[in-house]
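S.K.: Following this message is one structure expressed as structure tokens.
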Amino acid sequence: MFEMTKELVKILGIDLGRLRLEWISSAEGTRFAEVAREFTEELKSLGPFTLKKAA
Amino acid sequence: MSQEFSPKIITFACNWCAYSAADLAGVSRFQYPPTMRIIRVMCSGRINPNFVLKAFQGGADGVLVAG
Amino acid sequence: MITFKLNGKDVQAEEGEFILQVADKYGAGIPTLCHHKALEPAGMCRLCTVELFDGRRTRFVTACNYPIWAGMEVNTDSEAVHQVRRLIVELLFARCPDVPVIKELAAGYNIEEPRFKKKDDDCILCGLCVRICEKMGNSAITLTGRGVDIKVDTPFHEQTDICMACGACASVCPTGHIKLEDITKHVVKPIPSEYDMGLKGRKPIYVPYAQAIPNKPAIDRSKCVHFKTGGCKICTEFCGVNAIDHSQEDETVELNVGAIILAPGFQPFNPKQYETYGYSAYPNVVTSMEFERILSATGPYQGHLQRPSDGEAPDKIAWLQCVGSRDINRCDHSYCSSVCCMYAIKEAVIAKEHAEHDLDAAVFFMDIRTYGKDFERYYNRAKNEQGVRFIRSRIHSISEDSDTHDLILQYADEEGTLNEEVFEMVVLSVGLETPKALVEMAHGMEIELDEDAFVRTGTFTPVETSKKGVYVCGAFQEPKDIPYSVMEASAAACDAKAILSSARGSLVKDKAYPKEIDVSSQKPRIGVFVCNCGTNIGGIVDVPQVAEYTRSLPGVTYVEENLFTCSQDTQDNMKEIIEHEGLNRVIVAACTPRTHEALFQETLRDAGLNKYLFEMANIRNQCSWVHSKEKEEATDKSKDLIRMAVARAQLIQPLPQPTISVDKKALVIGGGISGMTSTLGLADQGFHTYLIEESDRLGGNAINLIETWRGDRIADSLKEMVLKTEEHPLIEVHTKSTIKDATGFVGNFETTISHEGADTTFKHGAVVIAVGAREHKPTEYLYGENDSVLTSLELDKALKNEDKKVTNGKNTVFVQCVGSRDSERPYCSKVCCTHSIKSALELKEMNPDMDIYILYRDIRTYGQREELYREARRQGVIFIRYSLDRKPEVEQEGSVLSVIIRDYILGRDIRIEADLIVLASAIVPRDNESLARLYKLPLNEDGFFMEAHAKLRPVEFATEGIFLAGIAHYPKPIEESIAQAKAAASRASVVLSKEQLTVEGAVSHVNEIMCRGCGKCVEACPFNAIELVEKEDDKSAAYVQEALCKGCGSCAVACPTGAASIFHFDDQEVLAMVEAALN
């Protein structure tokens, strides 16, 4: 299902870097915080998202 | 002072896995940027592509699906 | 309440409070150096000076010790205040020019050089240390001298006995004038955290570990100052809810019980006592338990792989197996600890995953014992794919390079050559042992222990102790891993339930709820309770602001703030408010629904609301705790989360929780030892049970076995078991019967059996699958071509008949792993090593002159079976190892049979003439496919049935109401089969003992009109909860069996027409939250 979502996101011209799938187990509090930090940094470098830009 | 861009992230988190991990991050006081808004679902298999598109349409800068 | 003006705004506070306290509460921070919340304010440093207008004139007062009064006006931030503070800072700066905190203050007021004469002191004479020392109950220090000579000191400048070096003075000293190192002659070390194996410190008041139950702090009386001096109790002043009670004493509670289950566990072997391991001397030698903590995300290094000596990431790690196990030379233990091979492999694999560079992981071992289900595959993967090195060896010594703290291992390999290799870290795979305290407890309870200090049990009574009514499970019985501990735990419960069956349910109290209010025609009236969680939330998030904002949200009719929303008085209050305000949706903005949803839902039910009319916003775990430096953002995020919750609350609907009846009968498939044990376990608890056996008699594989490894005669116990089964009034045995059809779900199964062409259908609430397995028929080593080549079971049969051909031979050769651990069957059959050694010993007893050879790959006599292995070697049984790429060969010349094998120690091939060759043949699953299909059960790659969870649910299937026991699950010896079978009976009785099962309301459902019967949802459902049902018009539609549905929602995603959806988490609800989040 995630693959399909990715496909759709791609078709719409949205940068795939804006969609992320992570497997985080219930014991991985550190991992969760890490993902939040990383993803935020990545999105900062991608800049704000607008649909216009995508189209 | 110029305001630094702070992205908006919608996170879909599985109740049993990532949502608990977020709870644990809290209990452990791990700090992370206040950019995420978590939506709890019972299983990451619940996440419909439509949800993700809706998030982008609504102006999210990123979507995290966390199982 | 007193009202006064603070910086121009009206504020309220209790009488007796000081300005500083109130200002803090209202976010007007006042600087101070000498204030401590738990101490009487002293106004010593004067830094907290504020401006006070009393109606007539303005003056300066110290905020920390000036009590508030009605009508006063206080300014904390005026120009005049800052002028005064600047002067105070300048004076302090002149006195202590090198103290960082003072320098910082000076910099804040742009003071580069003080106008006064500089001294080089570092004490500001605030007296905080003196006050805290007094608070500790000690008064070991005071301010001595007069005028300019005043200073903090001890009597006669000597440290007295009164000083306990508790360090309180050092910890509060604002300038660093007092240092803990100066107070104590000892090296200052934190209290070692038990959970982190001493790799990390903890406080005297602490939560033992993150998942502790109850998750509450405890006070370590042996460390807490209060229990030494009667003073301190500072914690009580910080605790917002008065939860700390130092007067609590240990209590002796007497319970009247009918059965006792012992599950006290083990302690890891302590290698400290033996110099050879270098554990005490070398920092980079750690135990496997310490290494577990090092790898853990919650561990001392947050999961980063680093070594203790210097915090560097190691590039080479060695694991040494059998530390404290399989060794009688150094007063360690003779038994095998059963779990270490597997955990060492796991640690090596995870370490390699964690390492940022390529990690060289090497395991030094004697035999690798990966005998559990899917363990061999894990071992193979570690070796072949992940590149873990496995070195068959004996360790000679460990020494350390004192410069680098690297470790030098000397070891002898299989050929006997001495080798040396340097590692950056060494992990000792320590064994399991019974702690002394448990030995004493067992003596006190008059429970018999064996020579290894484990509880003595019988093969056929694996969880019964020597004392009636007392049961044991887990590693206190014998070292064992999680799945078998879990099985035994349920088995012990099964035995206990059998003797207590007459008392079942007698202490249960039913709770009555008011009738549910029908809210279907009402508009949403949402009540929001915003929790401060003491200061956990309120200390960061601006709760009043959040509450104010919440009042503006659509549908919200009531908002209140609570100190603790979860407290009992708030529950009572909430119930009243729901009734009084006519609320029909409730939101609690507090912590996580994972721990608190059930509590609040209970309150809703008490107030007559359906429990699904509830929602939570997790503003603690997701806001205040994780954004504690960003108060504003945390407050904004809290508002967002509440707005999302309100958006969803508009849409949530009450849901019914239907109940289904339970047919209190069980059906067990398979009449071997496991099947009979499950059947008896259920019948002894009072449940009518059908036992279905394919053959014409009960007994299964055990019919062919002679003795267990402990020497019990199997035939006698088996006979007794069959008799008991056949005569039990609640058991119905059906032999020569097969399963023809099965339908239904938990509590309501229907199974049709076929007996000599006639069909019978039984209704029952639970099923146990115990169909067993069979011996592999070898296709090698001249099996089937020469009469002197037998399988293990055939040997047993021959021994039973005292066949002279078998007992009179001169040479007997056993070949291990025939059909096991190869590419076709990459699993270990678990029982064969023990079985062959046991048979070898029996042959030796019958014919002491016989030469016996056992050709093996790894000897896997796990646990106390190791004693048999030792005994066999003592009796001269010769063990020769072979590897898979050089298997033994069997040749026949005329009537002479011989085995050719490579001897690794001699380094050449040897030929053994054999009168008898015994093949330790694999245990292979039966053809389980049709049964699996009927009950919709999964099989693993090898064809064995697959349990719900390999570790935690080893006797249950993912499908509720169906259970698993015996070697249909995986090869295992009798005692383990019996434990698992009792466990299956125990788990099944949990279902059967209920009158009704309550079905979760948050399940999926299919709109029949929209469904086109494509079956996508059936495929997507991981719980087999959906099936296609034929409709009248020849079409079919999906139908959800609510009893099986777990509400995961996979079907709703898979459905192409939108017919499948899920209650309580439907698309609209989720989309509403998305929208609200971005609003």
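The values are calculated or read from the model by the stated rules, or taken from the named source; none is laboratory data. In this text, all values refer to a predicted model and were calculated from it rather than measured experimentally. Quick reminder, even Gly has a Cβ in these numbers, built from the backbone with ideal geometry, and neighbours come from all protein chains shown. Note: accessible area is taken over every heavy atom of the protein model, side chains too, but ligands, DNA and RNA are not part of it. Shrake-Rupley method; radii C 1.70, N 1.55, O 1.52, S 1.80 Å.
S.K.: Work out the charge dipole of chain C with +1 on the Cβ of Lys and Arg and -1 on the Cβ of Asp and Glu about the Cα centre, then indicate which of C:Ala362, C:Leu143, C:Val1029 is farthest towards its positive end.
M.R.: C:Leu143
S.K.: To continue, here is another question. So for the stretch C:270-432, taking the charge dipole from beta-carbon charges (+1 Lys/Arg, -1 Asp/Glu), which of C:Tyr411, C:Ser429, C:Tyr279 sits furthest toward the positive end?
M.R.: Towards the positive end, the residue furthest out is C:Ser429.
S.K.: Still on this structure, please answer the following. What part of the accessible area of chain C, given as a whole %, is carbon or sulfur when the probe is 1.4 angstrom? Working shown, then result.
M.R.: Details: 24660 of 50290 Å².
The nonpolar share, carbon plus sulfur, comes to 49 percent.
S.K.: Need one value for B:3-13: mean number of C-beta atoms belonging to other chains within 10 Å of its residues' C-beta atoms.
M.R.: Values: counts 0, 1, 6, 5, 12, 6, 7, 4, 8, 4, 4.
Counting Cβ atoms of other protein chains within 10 Å of each residue's Cβ and averaging gives 5.
S.K.: Got a number for carbon plus sulfur as a percent of the stretch B:8-64's accessible area, 1.4 Å probe? Working shown, then result.
M.R.: On the way: 790 of 1370 Å².
Here it works out to 58 percent.
S.K.: How big is the A/B interface in buried accessible area, both sides summed, 1.4 Å probe, to the nearest 100 Å²?
M.R.: Numbers: alone 4580 and 5150 Å², together 7020 Å².
Buried: approximately 2700 Å² between B and A.
S.K.: Now for a separate question. What list of ³J(HN,Hα) couplings, whole Hz, do you get for the stretch C:191-196 from phi and the Karplus terms 6.51, -1.76, 1.60, once you set θ to phi - 60° and write x for glycine and proline?
M.R.: With coefficients 6.51, -1.76 and 1.60, one gets 5, x, 6, 4, 5, 8 Hz.
S.K.: Work out from phi, with θ = phi - 60° and the Karplus expression 6.51 cos²θ - 1.76 cosθ + 1.60, the ³J(HN,Hα) of each residue of the stretch C:853-864, listed in order in whole Hz, and give x for Gly and Pro.
M.R.: Working through the residues one at a time gives 10, 10, 9, 9, 9, 9, 7, 10, 8, 6, x, 7 Hz.
S.K.: At each listed q (0.12, 0.17, 0.29 Å⁻¹), what is the log10 of I(q)/I(0) that the Debye formula gives for chain A modelled as equal alpha-carbon point scatterers?
M.R.: -0.35, -0.66, -1.12
S.K.: Quick one: if the Förster radius is 45 Å, what FRET efficiency do C:Arg59 and C:Thr184 give, using the C-beta to C-beta distance and rounding to 0.05?
M.R.: 0.50
S.K.: Using 7 Å Cα-to-Cβ label points, what is the C:Asp120/C:Thr160 separation (nm, one decimal)?
M.R.: It is 3.2 nm.
S.K.: Additional query: What's the average, rounded to a whole number, of partner chain beta-carbon atoms within 10 Å of each residue's beta-carbon in A:3-9? Write down the numbers at each step before the final one.
M.R.: Details: counts 1, 3, 10, 3, 1, 5, 5.
Rounded to a whole number, the mean comes out at 4.
S.K.: While we're here: How far apart, in nm, are two points set 7 Å out from the Cα along the Cα-to-Cβ line at C:Asn329 and at C:Asp569?
M.R.: Inter-label distance under the simple model: 6.9 nm.
S.K.: Okay, moving on. Could you tell me the total accessible area buried at the B-C interface, probe 1.4 Å, in square angstrom to the nearest hundred?
M.R.: Working: alone 5150 and 52110 Å², together 53890 Å².
So the buried area, both faces added, is about 3400 Å².
S.K.: Which values, in whole Å and largest first, are the semi-axes of the equivalent ellipsoid of the stretch C:128-183 obtained as the square root of 5 times each eigenvalue of the Cα gyration tensor? The partial results should precede the final answer.
M.R.: Values: eigenvalues 55, 36, 24 Å².
They are 17, 13, 11 Å, listed from largest to smallest.
S.K.: Also, quick follow-up: Filter chain C for me: DSSP H helices, axial length by Cα at least 15 angstrom, mean Kyte-Doolittle hydropathy not below 0.0. List them by residue number. The partial results should precede the final answer.
M.R.: Details: long enough: C:79-95 (24 Å, 0.45); C:340-354 (20 Å, 0.41); C:482-499 (26 Å, 0.72); C:568-581 (19 Å, -1.78); C:593-606 (20 Å, -1.21); C:631-649 (27 Å, -0.77); C:673-684 (16 Å, 0.71); C:714-727 (20 Å, -0.24); C:832-846 (21 Å, 0.03); C:974-992 (26 Å, 0.56); C:1067-1078 (17 Å, 0.77).
Once both thresholds are applied, what remains is C:79-95, C:340-354, C:482-499, C:673-684, C:832-846, C:974-992, C:1067-1078.
S.K.: Once phi is turned into ³J(HN,Hα) by the Karplus curve 6.51 cos²θ - 1.76 cosθ + 1.60 with θ = phi - 60°, what whole-Hz value does each residue of the stretch C:6-13 show in order, with x for glycine and proline?
M.R.: Using θ = phi - 60°, the values come out as 10, 6, x, 10, 6, 10, 10, 7 Hz.
S.K.: Hey, what's the Cα Rg ratio for the stretch C:526-649 versus the globular rule of thumb, 2.2 N^0.38 Å? Write out the running numbers ahead of the final one.
M.R.: Numbers: Rg = 13.1 Å, N = 124, 2.2 N^0.38 = 13.7 Å.
Taking N as the residue count of the stretch C:526-649, the ratio is 0.95.
S.K.: Work out the P(r) tail for the stretch C:672-726: percent of alpha carbon pairs separated by more than 17 Å, whole number.
M.R.: Beyond 17 Å sits 37 percent of the P(r) for the stretch C:672-726.
S.K.: What percentages, rounded to whole numbers, describe P(r) for the stretch C:372-431 computed over all alpha carbon pairs with 5 Å bin width beginning at zero?
M.R.: Calculated over all Cα pairs of the stretch C:372-431, the distribution is 4, 15, 17, 19, 21, 14, 7, 2, 1 percent.
S.K.: Under a 1.4 Å probe, what is the accessible area of the protein assembly as shown per residue, stated in Å²? Don't jump to the answer; show the numbers that get you there.
M.R.: On the way: 55550 Å² over 1201 residues.
Normalised by residue count, the accessible surface of the protein assembly as shown is 46 Å².
S.K.: Continuing with this model, one more query. Could you run the Debye sum over the Cα atoms of the stretch C:2-108, one equal point scatterer each and no solvent, and tell me log10 of I(q)/I(0) at q = 0.12, 0.15, 0.23 Å⁻¹, two decimals?
M.R.: Log10 I(q)/I(0), no solvent term: -0.40, -0.61, -1.27.
S.K.: Based on the alpha-carbon gyration tensor of chain C, what equivalent-ellipsoid semi-axes (square roots of 5 times the eigenvalues) come out, in whole Å, largest first?
M.R.: Working: eigenvalues 828, 376, 131 Å².
In descending order the semi-axes read 64, 43, 26 Å.
S.K.: Where the only charges are on Cβ atoms (+1 Lys, Arg; -1 Asp, Glu), what is the dipole of chain C about its Cα centre, to the nearest 20 debye? Could you put the intermediate results ahead of the total?
M.R.: Details: 120 positive and 160 negative charges, 356 e Å.
Here the size comes out at about 1700 debye.
S.K.: Something else: Once Lys and Arg get +1 and Asp and Glu get -1 on their Cβ, which of C:Phe116, C:Cys133, C:Ser839 lies farthest toward the positive end of the dipole of the protein assembly as shown?
M.R.: With unit charges placed on the Cβ atoms, the residue in question is C:Phe116.
S.K.: Considering amide H positions built from the backbone, and no H for Pro or chain starts, which residues 5 or more places from C:Arg902, or on another chain, come under 5 Å of its amide H?
M.R.: C:Ile910
S.K.: Take the Cβ-Cβ distance between C:Glu451 and C:Ala259 as r, set R0 to 25 Å, and report the resulting FRET efficiency rounded to the nearest 0.05.
M.R.: Details: r = 27 Å, r/R0 = 1.08.
Efficiency for this residue pair is about 0.40.
S.K.: Give, in nm to one decimal, the length gained when the segment between C:Asp358 and C:Glu1075 is fully stretched (0.36 nm per residue of separation minus the Cα-Cα distance). Don't skip to the answer; put the middle values down first.
M.R.: Working: separation 717, 0.36 × 717 = 258.12 nm, distance 4.54 nm.
Here the segment from C:Asp358 to C:Glu1075 would lengthen by 253.6 nm.
S.K.: FRET efficiency for C:Ile910 and C:Arg874, Cβ-Cβ distance as r, R0 = 22 Å, nearest 0.05? Please report the intermediate quantities before stating the final value.
M.R.: On the way: r = 22 Å, r/R0 = 1.02.
Efficiency at R0 = 22 Å is approximately 0.45.
S.K.: At a threshold of 8 angstrom on Cα-Cα distance, excluding pairs fewer than six apart, so keeping six or more, what relative contact order does chain C reach in percent? The partial results should precede the final answer.
M.R.: Numbers: 2160 pairs, mean separation 90.3, N = 1079.
Relative contact order here is 8 percent.
S.K.: I'd like the mean, over residues of C:617-625, of how many other protein chain beta carbons sit within 10 Å of each residue's own Cβ.
M.R.: Values: counts 0, 6, 0, 3, 10, 12, 2, 2, 8.
Across the residues of C:617-625, the mean count of other-chain Cβ atoms within 10 Å is 5.
S.K.: Out of the stretch C:91-154, which chymotrypsin sites (Phe, Trp or Tyr not before Pro) are coil in DSSP terms and have no more than 15 other C-beta atoms within 10 Å?
M.R.: Numbers: sites: C:Phe93, C:Tyr109, C:Phe116; in loops: C:Tyr109, C:Phe116.
Of the chymotrypsin sites (Phe, Trp or Tyr not before Pro), the ones in loops of the stretch C:91-154 whose Cβ has at most 15 other Cβ atoms within 10 Å are C:Tyr109, C:Phe116.
S.K.: Tell me which chymotrypsin sites (Phe, Trp or Tyr not before Pro) from the stretch A:4-55 have a DSSP coil assignment and no more than 15 other beta carbons within 10 Å of their own. Write down the numbers at each step before the final one.
M.R.: Numbers: sites: A:Trp23, A:Phe32, A:Phe39, A:Phe49; in loops: A:Trp23, A:Phe49.
In loop regions of the stretch A:4-55 (DSSP not H, G, I, E or B), the sparsely surrounded chymotrypsin sites (Phe, Trp or Tyr not before Pro) are A:Trp23.
S.K.: Would you calculate a helix-derived [θ] at 222 nm for chain A, using -39,500 (n - 2.57) for each DSSP H run of n ≥ 4 and dividing by the full residue count, to the nearest 500? The partial results should precede the final answer.
M.R.: Details: 3 runs with 32 residues, N = 55.
-17500 deg cm²/dmol, from helical runs alone.
S.K.: Under 16 Å from a point 7 Å along the Cα-to-Cβ line of C:Lys724: which residues of the stretch C:951-993 have their amide N that close?
M.R.: Counting only backbone N, you get C:974-986.
S.K.: Further question on the same structure: Are there any GluC sites (Glu not before Pro) in the stretch C:324-374 that are in a DSSP loop and have at most 14 other Cβ atoms within 10 Å? List them by number.
M.R.: Numbers: sites: C:Glu347, C:Glu353, C:Glu356; in loops: C:Glu356.
Answer in residue order: C:Glu356.
S.K.: Okay, moving on. Taking the Cα centre of the protein assembly as shown as origin, work out the dipole magnitude from +1 charges on Lys and Arg Cβ and -1 charges on Asp and Glu Cβ, in debye rounded to 20.
M.R.: Values: 135 positive and 172 negative charges, 479 e Å.
Its charge dipole is roughly 2300 debye.
S.K.: A further question follows. Placing +1 at every Lys and Arg Cβ and -1 at every Asp and Glu Cβ, with all other atoms neutral, what dipole size does the stretch C:999-1078 have around its Cα centre, in debye to the nearest 20? Before the final figure, lay out the partial values.
M.R.: On the way: 5 positive and 13 negative charges, 40 e Å.
The calculated dipole for the stretch C:999-1078 is roughly 200 debye.
S.K.: For the pairs C:Lys179/C:Lys216; C:Lys216/C:Lys637; B:Lys8/C:Lys639; C:Lys800/C:Lys887, note any where the Cα-Cα span goes beyond 20 Å.
M.R.: Too far apart for the 20 Å limit: C:Lys179/C:Lys216; C:Lys216/C:Lys637; C:Lys800/C:Lys887.
S.K.: Per-residue ellipticity at 222 nm for chain C, helices alone: DSSP H runs ≥ 4 residues times -39500 (n - 2.57), over residue total, nearest 500 deg cm²/dmol?
M.R.: -8000 deg cm²/dmol
S.K.: To continue, here is another question. Checking buried surface per residue: for the stretch C:561-603, which residues lose a minimum of 50 Å² accessible area in the protein assembly relative to the chain alone (1.4 Å probe)?
M.R.: C:Arg594
S.K.: While we're on this one: Setting aside same-chain residues fewer than 8 positions from B:Lys54, which aspartates and glutamates have a Cα under 19 Å from its Cα?
M.R.: Once the sequence-local aspartates and glutamates are set aside, what remains near B:Lys54 is A:Glu3, A:Glu7, A:Asp15, C:Asp640, C:Asp1066, C:Asp1067, C:Glu1069, C:Glu1075.
S.K.: If amide hydrogens are placed 1.01 Å from N in the peptide plane, which non-local residues have theirs closer than 5 Å to the one on C:Thr49?
M.R.: When sequence neighbours closer than 5 places are left aside, the close amide H contacts are C:Ala63.
S.K.: Using the alpha-carbon centroid of each, what span in Å lies between the stretch C:507-524 and the stretch C:637-656?
M.R.: The stretch C:507-524 and the stretch C:637-656 have Cα centres spaced 21 Å from each other.
S.K.: Which three semi-axes in whole Å describe the equivalent ellipsoid of the protein assembly as shown, each the square root of 5 times a Cα gyration tensor eigenvalue, listed largest first? It would help to have the intermediate numbers written out before the result.
M.R.: Values: eigenvalues 765, 357, 169 Å².
Semi-axis lengths for the protein assembly as shown are 62, 42, 29 Å.
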